[in-house]
Structures are given as C-alpha cells and as structure tokens.
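Beneath this line is the structure, given in structure tokens, with notes to follow.
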Amino acid sequence: MKPVNVGLLGIGTVGGGTFTVLRRNQEEITRRAGRAIVLKMIADKDLKKARKLAGKNTIVTADAMEVVNHPDIDIVVELIGGTTVAKQFILKAIKNGKHVVTANKALLAIHGNEIFAAAHKHGVMVAFEAAVAGGIPIIKALREGLTANRVEWIAGIINGTSNYILSEMRNTGASFAEALRQAQALGYAEADPTFDIEGIDAAHKLTILAAISFGIPMQFDKVYTEGISKLAREDIRYAEELGYRIKLLGITKRTPKGIELRVHPTLIPARRLIANVEGVMNAVLVKGDAVGATMYYGAGAGAEPTASAVVADLVDVTRMHTADRKHRVPHLAFQPDALTNTPILPMSEVQTSYYLRLRAFDKPGVLADITRILADSGISIDAMLQKEPSEGEEQVDIIMLTHETVEKHINAAIRKIEKLSTISGKVVRIRLEELNRN
Ligand code: HSE
C-alpha cells in the first residue's frame, strides 16, 4: 500500500525523538498502521542539524511553508511550539487538506476552537496526544477508552518541572529558589521558568483535558492559575506532619453550578497513589461515573516519551485518513454540534477544604478569636497544630485544616483574622483535596 508521507516542522528534542522512534520501530509501526509512515520532509532553521538527522530520501528545508504546501505531504507534524507562526502553519496545512499532529498545548488551549473548526470544515484530523502529559496516552483514554462515562472530575500532576521542585523541597528541605536552581541545572526548567512554575503550562493542559472530558470549548482564559513560586518549605513540612503532601494539581470538576477549572498547589493525603508521584513524572487521576477512579502515570516530557505520543497519533491518522470523516473520533471527543456552554465557575464559588497557617502571639483567647470568626462564617475545623515558639520568640505558628467551604467564605474569614491584633502578617492559605472515590 502507498506509504503515508509526513512533513515535520521543528527538529528540537521531540522532533529528534520522533525520528529515532520511527526509524527504530519502523517494522512494528508499519504492521500496526497497515502502511509505511515515511518522514519525507523536515523544516528547521538549523539546516545543519536537520541534515544530520534526515535520511537520504528526506527533503530538508528552512522554510516550513514549503512543507505545508508540498503536494506529496499527507500529514504535517508541528513541533515548533508557541502561538504565532505555529498557528499560521497549522491553519495553512489544514486549508491544504493535510492532517496535523501537534504537541502544542499553548496553541490548542488558546486557539484550539478556531483550529478545530477549520479542521472540521476541511475534513482533516488534528491529533494532539503529545500536548498533554507527554507519553501518557491520556487523550486517547478520555476520548475513547472512557467514552461510556460521565467524567466527574480530573486531578492531574501535569507539569513535571514543578513536581520535581516540590519533590526536592520535600525530600531535601530545600527552599523554592534552591530547588528551582537544581531543576535548571538538570535541564528540567527553562532559563525563564515562568510557564512551568506559575502554573501556566499546567493550565494549558488542563484546558484541553476539560474540553474533551465535558464536551465544552477550550476556555484557557477562564482557568484559575496559581503556581508554586510562593510556597514556603515550612508549609511542606507542616503538611507532612498532618499526613499530606503538596502537589501542583490541575483540577477540573463537574458541579451542579458549573465546571471548576483550576491550577494551584494542593494538599492531598500522603497515602494516595498520586501523592507519591515524584520528580518529573506526571499522573492524571480521572473519576468516571461508571469506571470509578482511574490513574494514568508516566513520563510527561522528554524526547522519546513525547515521540511515543506523536507516533501514536501518526498511526491513528494513517489508519483513519481514508475513513468516512463523519465516523472519525471527534476532535474534542464530543460531536462539534454537541458541545455545551456549561459555565466555568469563578474561583470565589469553588468549594474545597483549606490549610491555613497563621502567625499568632501566644496569649489567652487567640485561638478563641480565630475559631469564632471561622464558626461565624460557617467554616468547620478538621485538624489543628500549634507549634512551640522558637527560642526567644513570642509568636507561634498555628496550622488549621478546614472542612469544605466556599472560597469566598474562607477569603472573608481570612480578611477578618488578619485584622486581629494578636495575628501578625498574612495568613497562608493552601487548598486541600481529599481525592477520594466520591
Ligand atoms: N515543561 C513541561 C513540564 C513539559 O515541565 O512538564 C512539556 O509539557
């Protein structure tokens, strides 16, 4: 059977991995796909590097548009990243009737609605397994494996860099700045680590997961995003003493009032499997009404793990590209005319539990004042820890875990607590999720 011709845009880490995996497993991949998948063209500004990787029959160019417009190319693999030129190339490829495979989570989270509408119009597939959690086939699981379920919630460790930093802080007692430096030295974090440590990368991925789980459009602008850069090592230690770990989670949940869409540091019980995901690894916990809780674990980045997802998409597209377009798996798992406009809940309406750390003078009545404020706001305390004052200090750390409440209520209570003359500084507030089966 005629081979499928692929044009690759961008020959960085993942592009290189895609080359390696396709070459090494060529025979197995052909047996699975039903025809050969051939890397016919590659485009990269670094022509020397591209030529080094290319086979003798591969056309190398510095101009990505040449690939996108080439009549022999069936599938364009976009591994350039970013939301500017990558978008132009993808839209042009779609217009030219080519299928697209992309690892570009930022582009899909921000411009996905436009890209999928164009793909639908032109009858082509846009596959994006590599965009979320690297090598973990979470897109496949949600779009196909779990299709019988009403997804109730998802909680994922979907940024390896921040998980590495949190693991280091817990294991070695390092500060955030020290752990970040270590992540940079090991090449996990970029020189500008903002996207990873401020939760933006996780928010991109969560946007995609929520869309395919609930049948809603991409709504990156509605994700509540809070990163890990302000986390103090003592909070990691106190959480540990109370039986919890702090993870940067992407959480999306169906509630009667709307869909929660949030990324933030979260206390989770240390005994949960997902709490034990360490270092740069990723894990996604999905609760479906029929299947219950399921967890997907693996490498969230890296050349070959991400290439594993890119090649899986190439095989999928190869298998399906001659199929009637109406019978392909819809891009967002739900038919395009069946997406809903279920509202995304503002963070102030989200319901969860909280870890609070207060710095208080060790005087009679301090605790009574705090608990009265919480009680007046209808907030119930689940656990409490008071630390001995350090030598020569008058102030103590008080740590409280609350039962579930609505975010606006805890915020109002915190404002009142901070006004007490016996409290110094700001109250530290970190959200807490039990992640049990309900
Ligand atoms: N920067 C991402 C992470 C990997 O640290 O998980 C690519 O999505």
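Some notes on this structure:
- Filter result for residue 149 (away from the ligand (no atom under 16 Å from the Cβ), under 21 Å from residue 201 (Cβ atoms) and polar (S, T, N, Q)): no
- Number of positions in region 220-233 that are open to solvent by less than 30 Å² (accessible area, probe 1.4 Å) and either over 16 Å from the mean Cα position of the chain (by Cα) or more than 25 Å from residue 175 (Cβ to Cβ) (or both): 3
- In region 400-421, the qualifying residues are those that are hydroxyl-bearing (Ser, Thr, Tyr) and crowded, with 18+ Cβ neighbours inside 10 Å, and the one that is farthest from residue 350 (Cα to Cα) is 402.
- Taken together, the residues in region 371-421 that are at pLDDT 95 or above and at positive phi amount to 1.
- Residue in region 241-258 that is surrounded by the fewest Cβ atoms within 10 Å (Cβ to Cβ), counting only those that are over 18 Å from residue 226 (Cβ atoms) and in contact (Cβ under 8 Å) with a residue 12 or more places away in the chain: 241
- When residue 159 is tested against (1) more than 12 Å from the ligand (Cβ to nearest atom); (2) touching a strand residue (DSSP E or B) at 6+ places or on another chain (Cβ under 9 Å), only condition (1) is not met.
- Residue 76 being outside the structural domain of residue 222 (by TED's automatic domain parsing), touching a Lys or Arg at 6+ places or on another chain (Cβ under 6 Å) and not in a helix (DSSP H, G or I): yes
- With respect to the conditions (1) modelled with pLDDT of 95 or more; (2) away from the ligand (no atom under 16 Å from the Cβ), residue 86 falls short on a single one, namely (2).
- Sole residue being touching a Ser or Thr at 6+ places or on another chain (Cβ under 8 Å), closer than 26 Å to residue 339 by Cβ and away from the ligand (no atom under 15 Å from the Cβ), chosen from 75, 94: 75
- Among the residues of region 129-152, the ones that are part of a loop (DSSP other than H, G, I, E, B) and open to solvent by less than 10 Å² (accessible area, probe 1.4 Å) come to 4 in all.
- Among the residues of region 166-193, those that are open to solvent by less than 60 Å² (accessible area, probe 1.4 Å) and either of a type in the set (S, T, N, Q) or more than 13 Å from the ligand (Cβ to nearest atom) (or both) comprise 167, 168, 169, 173, 174, 175, 176, 177, 179.
The values are calculated or read from the model by the stated rules, or taken from the named source; none is laboratory data. Bear in mind that the values here come from a model prediction, so they are computed numbers and not experimental data. Backbone-built Cβ (ideal geometry, glycine too); neighbour counts: all protein chains shown. Each accessible area value is taken on the protein alone, full model and side chains, heavy atoms only, with ligands, DNA and RNA left out. Shrake-Rupley method; radii C 1.70, N 1.55, O 1.52, S 1.80 Å.
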